[in-house]
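Asker: My questions all concern the structure below.
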Amino acid sequence: MKKITKVQQKNFLQQKLSTSPQWAKAALLKVYDLQTESEQAAECTSESNGVGFSGTDGNFLSSLAVQLRTRRSLSEKQTVMVMKCMKKYWKQVLHMSDVEQLNSLILQAA
């Protein structure tokens, strides 16, 4: 199997997160799950623990994650914003991913 570099993983994930509503929404929920219970309850970022949303995105993305969980949908405009925002969370997505499966997807896309 061909060796996949971290740069290839980053580029692939950023591309998927910024162009695929399914990838972006799934990542939104996964990163939201990394927030602490208190952060989820307050729908903001209050702890600097290296996981979850950044302070500037915490309130907005948490509210969208809650909406997606409860209503099972986002508006088109909200979906566009999620795709725009989730691109920067590629490292957390990478750490949550099955790396072999991800690398296989990268090879298929090449």
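The values are calculated or read from the model by the stated rules, or taken from the named source; none is laboratory data. These numbers come from a predicted model, not from an experiment. Positions of Cβ are generated from backbone atoms using ideal geometry, with glycine treated the same way; all protein chains shown enter the neighbour counts.
Asker: Restricting to region 30-47, and then to whatever is polar (S, T, N, Q), surrounded by 15 or more Cβ atoms within 10 Å (Cβ to Cβ) and not in a helix (DSSP H, G or I), can you tell me which residue is modelled with the lowest pLDDT? Don't jump to the end; show me each part of the working.
Answerer: Let us first name the residues in region 30-47 that are polar (S, T, N, Q), namely 35-36, 38, 40, 45-46.
Cutting the leftovers down to surrounded by 15 or more Cβ atoms within 10 Å (Cβ to Cβ) gives us 35, 40, 45.
Within this subset, residues satisfying the condition of being not in a helix (DSSP H, G or I) are 35, 45.
Numbers: Gln35: 75, Thr45: 55.
Filtering first and then ranking leaves Thr45.
Asker: How many residues are touching a helix residue (DSSP H, G or I) at 6+ places or on another chain (Cβ under 7 Å) and in a loop (DSSP other than H, G, I, E, B) when one looks only at region 1-29?
Answerer: Adding up the residues that qualify gives 2.
Asker: Name the single residue, out of those in region 48-69 being of a type in the set (A, V, I, L, M, F, W, C) and in a loop (DSSP other than H, G, I, E, B), that is surrounded by the fewest Cβ atoms within 10 Å (Cβ to Cβ).
Answerer: Within region 48-69, the match that is surrounded by the fewest Cβ atoms within 10 Å (Cβ to Cβ) is Val51.
Asker: Another question about this same structure. In region 70-85, how many are surrounded by 12 or more Cβ atoms within 10 Å (Cβ to Cβ) and of a type outside the set (A, V, I, L, M, F, W, C)?
Answerer: Filtering region 70-85 down to residues surrounded by 12 or more Cβ atoms within 10 Å (Cβ to Cβ) leaves 74, 78-85.
Still in the list and also of a type outside the set (A, V, I, L, M, F, W, C): 78-79, 84.
The number of residues fulfilling the criteria is 3.
Asker: Right, something else. I need every pair where a residue in region 69-97 that is within 16 Å of Asn11 (Cβ to Cβ) has its Cβ under 6 Å from the Cβ of a residue that is basic (Lys, Arg) and at pLDDT 95 or above, sequence separation at least 6 or different chains.
Answerer: Note: pairs meeting the criteria are Trp90/Lys10.
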